[in-house]
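Only one structure is covered here, and it is reproduced in the block below.
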Amino acid sequence: MADNALFQFLLRMGDNTLVLGHRVSEWCGKAPVLEEDIALANTALDLIGQTQMWLGYAAELQGEAKTADDLAYLRDVWDFRNLLMLERPNLDFGHTMMRQYLFDAYHHLLLGKLAGSSDPRVAEIAAKSVKEAAYHLDRSGETVVALGDGTAESHRRMQDALDLLWPFAGEMFLADDVDDAMAAAGIAPELAALKAEWESSVRATLRDASLTVPDDDFAHKGGKTGRQHTEHLGHMLAQMQFLQRAYPGASW
Amino acid sequence: MYAQMIKSEATQDDPALLEAFQARIDDNQKIEPKDWMPEGYRKTLIRQIGQHAHSEIVGQLPEGNWITRAPTLERKAILLAKVQDEAGHGLYLYCAAETLGVSRDELFEMLHSGRMKYSSIFNYPTLTWADMGAVGWLVDGAAIMNQVPLQRTSYGPYARAMVRICKEESFHQRQGYDIMMKMCKGTDAQKKMAQDALNRLWYPSLMMFGPSDKDSVHSEQSMAWKIKMNTNDELRQKFVDQTVPQAEYLGLSVPDENLKWNEEKGGYDFSEPDWSEFYDVLKGNGPCNTERLNTRKQAWADGAWVREGMLAHAAKKRIAKVAAQ
């Protein structure tokens, strides 16, 4: 059971980075400025690299000679364990960067704690990833502040993005049996303890960005448990998994 | 080889200055941004470097088309890294062009209005995963042919940009060939994809070097100025000679009935591409011209509020800083 909880936890970590990495990579060649194009590709690249490590470890636990690619390319929607927020479509650049910021602020915090995990592999992966997450957070935080503060239009778009995404942020901190088992084993931190820290830093940034945090703390859920994803994930997988599905068993 | 059909500008400068300038070039000295240069040299370089830069960023699109469908996590990561490099190459080149007195925004405007071109090759579609292999192998291979000699080009900032770019391009070509090897050792369907990619991209790759020397009207002045280092036909021949054995190693056939080793010249005889197709593509009638350009224009228009927002924020910060002092 403990191993199963660890497996689920690793899927959550790896699916978050896989799905967000995929979304970010959709910006390739289409960003508002060339420097952003480079930074977005770099972010996507980091996230895919982290996916290889998390899902690689998960596949080892699974045994049966499975690989990270089997997990990424041959599971269907109900087996994915990513947060709902990350599978949502990019919409505009503001929405993309707001989603990135809300996640980065959580991801960076979480990875920092995971670097001290009782599981040495988890600690090792987190220690490597946290440096990348720090850069992602710097960049997305600065972008949210700049565009929230910028012009009337950029402010309006960032507020719209925040209003749309806020109800999806709460899922990051909804603990279930898997999270409890991870915390009890000292593998991962208590999510509730993480939330206060996240919220104070996010509220400070959003204040700098002159944005108003919605009052409602309703949270959509169902992504990290796999109980109910959004309709968007199936379309993403149809694209991501096309070659592996159309030519089963081929080596690429 | 991302610059084709670069029109070299006539120059009407003082003959004594021109002579001294030519002497510096002949002496293999590098021309730097603050040095005197003929107006024609400056304009020709802006056109060439600009076209090269535009090719890098438009060139992201046919490969970006497969990033979201890359078949493994490793292939996805490699392709992302490659496309990121290309955006970086675009950045170096726009910066090199800026040293000649033109802004990046002006260059974009010229691309969007059709006054500046990008390489014809990027107006062809990428239809299967094998195209990611063939683009790396053939398109980056052709680019390297041209760019390696351009490391010695007379304009300092351009030559230095080329040194950095060439290092990365050889990795791009290797990853392309690696995809081709995997496909050619794979299933029947994969081999078929690989052959199909070569069939479609062979002639467009040959076109990358520009028209035959006898029809290439702008070469002479550019070669004297060492902006162009080899003729189109020289480079095309070199490319064919290098690529045919690679195709043989893969077990693929080059789609040219006239392809034959010519002992006497020590190179292959091969068929010319269909030049009327080339001119059609240049005129905007290639299979993807409209889509590629519209994608870039749309990205630029959609990003306007972001650029304006960033600038407005930076201006506010500057004012706040001054007020605080």
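Things worth noting here:
- Euclidean distance of C-alpha centroids, the stretch B:1-39 and the stretch A:97-172, integer Å: 50
- Contact order, relative form, for chain B: 20 percent (alpha carbon pairs under 8 Å, 6 or more residues apart, mean separation divided by residue count).
- Residues losing 50 Å² or more accessible surface upon assembly, the stretch A:48-66, compared with the chain by itself, 1.4 Å: A:Ile48, A:Gln52
- Mean-position separation - Cα centroids, the stretch B:229-253 and the stretch A:55-90, in angstrom: 42
- Farthest towards the positive end of the charge dipole of the protein assembly as shown, among the residues A:Leu91, B:Trp275, A:Leu233, is the Cα of A:Leu91, using unit charges on the Cβ of Lys, Arg, Asp and Glu.
- Within a Gaussian network of chain A (alpha carbon springs, distance under 10 Å), most fluctuating of A:Leu18, A:Leu86, A:Leu206: A:Leu206
- For the stretch A:194-210, the Karplus equation 6.51 cos²θ - 1.76 cosθ + 1.60, evaluated at θ = phi - 60°, returns couplings of 6, 4, 4, 5, 4, 5, 5, 6, 5, 5, 5, 5, 5, 5, 4, 7, 6 Hz by residue, with Gly and Pro reported as x.
- Annotation: amide H of B:Tyr155 within the under-5 Å range of B:Ile31, sequence separation 5 or more or interchain, hydrogens built in the peptide plane.
- Annotation: amide H-H contacts under 5 Å for B:Gly267 (H modelled 1.01 Å from N, sequence separation of 5 or more, or interchain): B:Asn262.
- Overall shape of chain B was characterised from the C-alpha gyration tensor. The equivalent ellipsoid obtained from it has semi-axes of 34, 28, 17 Å, in decreasing order.
- Ellipticity estimate at 222 nm from DSSP helix runs (n ≥ 4, -39,500 (n - 2.57)) divided over chain A, nearest 500: -22500 deg cm²/dmol
- Cβ-defined net charge surrounding A:Leu237, 15 Å radius [Lys, Arg +1; Asp, Glu -1]: -1
- Under the convention that each Lys and Arg Cβ holds +1 and each Asp and Glu Cβ holds -1, the size of the dipole of the stretch B:1-156 around its Cα centre is about 460 debye.
- Electrostatic dipole magnitude of the stretch B:72-218 [Cβ: Lys, Arg +1; Asp, Glu -1; Cα centre; debye, to 20]: 360
- For the stretch A:163-168, the Karplus equation 6.51 cos²θ - 1.76 cosθ + 1.60, evaluated at θ = phi - 60°, returns couplings of 4, 6, 8, 3, x, 9 Hz by residue, with Gly and Pro reported as x.
- The stretch A:2-246 - accessible surface per residue (Å², probe 1.4 Å): 38
- Taken one residue at a time, the phi angles of the stretch B:127-135 give Karplus couplings (6.51, -1.76, 1.60, θ = phi - 60°) of 9, 9, 4, 4, 5, 5, x, 5, 5 Hz. Gly and Pro are set to x.
- Against the compact-protein benchmark of 2.2 N^0.38 Å, the Cα-based radius of gyration of the stretch A:2-246 scales to 0.97.
- Averaged over A:68-77, number of beta-carbon atoms from partner chains that fall within 10 Å: 2
- Reported to the nearest whole Å, the Cα centre-to-centre distance from the stretch B:152-197 to the stretch B:102-129 is 20.
- Mean Cα-pair separation over length for the stretch A:2-246, i.e. relative contact order, pairs under 8 Å, 6 or more apart, %: 25
- Set of lysines with alpha-carbon distance to B:Lys316 below 30 Å, sequence-local pairs under 8 removed: A:Lys30, B:Lys297
- Among the listed pairs B:Lys182/B:Lys214; B:Lys185/B:Lys260; B:Lys30/B:Lys238; B:Lys82/B:Lys260; B:Lys43/B:Lys238, those beyond 31 Å (Cα-Cα): B:Lys182/B:Lys214; B:Lys82/B:Lys260
The values are calculated or read from the model by the stated rules, or taken from the named source; none is laboratory data. What you see is a predicted model, and the numbers here were worked out from it, not measured in a lab. In this analysis, Cβ positions are derived from the backbone assuming ideal geometry, glycine residues included, and neighbour counts consider all displayed protein chains. We work out accessible area using only protein heavy atoms, side chains counted, and drop any ligands, DNA or RNA first. Shrake-Rupley method; radii C 1.70, N 1.55, O 1.52, S 1.80 Å.
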